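Comments concern the structure below.
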Amino acid sequence: MRFMSAHFLQKVNPVTGFIFPVTDHQCSHLLHRVRAEALPKMKGGLRALYRTLELPGANPLKDAHVALDNAVLTAYGFSAKKDLLAQLLALNQAVAAKIENGESVTAPGVPKNYPDAKQLVTDDCICATR
């Protein structure tokens with residue numbers, strides 16, 4: 001599994017093709033750090049780590065995911081108080097309408113005109129242990 005560099009955690013608006021920063025890099029760094037620190041201390045890998053989300057009380061992993069989720073919602077202009085699937089459907093319909101009208105949209109992934117796509121991917125990953 002490869003991660004996008006947190007410095008370049010970005011969202012590409014598929015309708016306009018513009019790239020917007022999702023947030024400062026702290027959200028993704030926090031999530032990565034929390035997982036990296038917790039995994040060596042746990043038996044059962046990621047499954048066991050994410051099962052801790054079911055436990056009552058404070059949980060740094062939950063806090064990190066909430067922060068990242070909020071940053072992504074903000075980047076897409078979505079509201080946590082509204083139906084997320086309805087918001088995704090509206091975005092999908094806007095993209096489909098542009099395609100149907102022969103207008104250009106930005107495909108998923110790194111835009112072809114991005115200056116240095118290699119900056120967006122890091123080599124750090126969570127590897128399975130044997």
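If the condition is being of a type in the set (Lys, Arg), exposed (fewer than 12 other Cβ atoms within 10 Å of the Cβ) and farther than 19 Å from Ser28 by Cα, then the stretch 98-122 contributes only Lys112.
In the stretch 63-78, the residues that are more than 13 Å from His29 (Cα to Cα) form Cβ pairs under 9 Å with partners that are among the β-branched types (Val, Ile, Thr) and assigned to a helix (DSSP H, G or I), at six or more places apart or across chains, as follows: Phe78/Val72. What are the residues in the stretch 44-76 that are under 21 Å from His32 (Cβ atoms) and part of a loop (DSSP other than H, G, I, E, B), if any? Residues satisfying the conditions are Gly44, Ala58, Asn59. Ser79 satisfies every condition listed in (1) assigned to a helix (DSSP H, G or I); (2) at pLDDT 90 or above; (3) in contact with a helix residue (DSSP H, G or I) (Cβ under 8 Å, 6 or more places away or on another chain) except (1). In the set (1) within 18 Å of the chain's Cα centre (by Cα); (2) of a type outside the set (A, V, I, L, M, F, W, C); (3) modelled with pLDDT of 85 or more, the condition left unmet by Glu100 is number (1). Taking the stretch 54-88 as the range and being loosely packed, with under 12 Cβ neighbours inside 10 Å and under 18 Å from the mean Cα position of the chain (by Cα) as the test, the residues that pass are Gly77, Ser79, Ala80, Leu85. State yes or no: is Val95 surrounded by 15 or more Cβ atoms within 10 Å (Cβ to Cβ) and touching a helix residue (DSSP H, G or I) at 6+ places or on another chain (Cβ under 6 Å)? No, not satisfied.
The values are calculated or read from the model by the stated rules, or taken from the named source; none is laboratory data. Only a predicted model underlies this, so the values are computations on that prediction, with no experimental measurement involved. Glycine also receives a Cβ, built like all others from the backbone with ideal geometry; neighbour counts cover every protein chain displayed.
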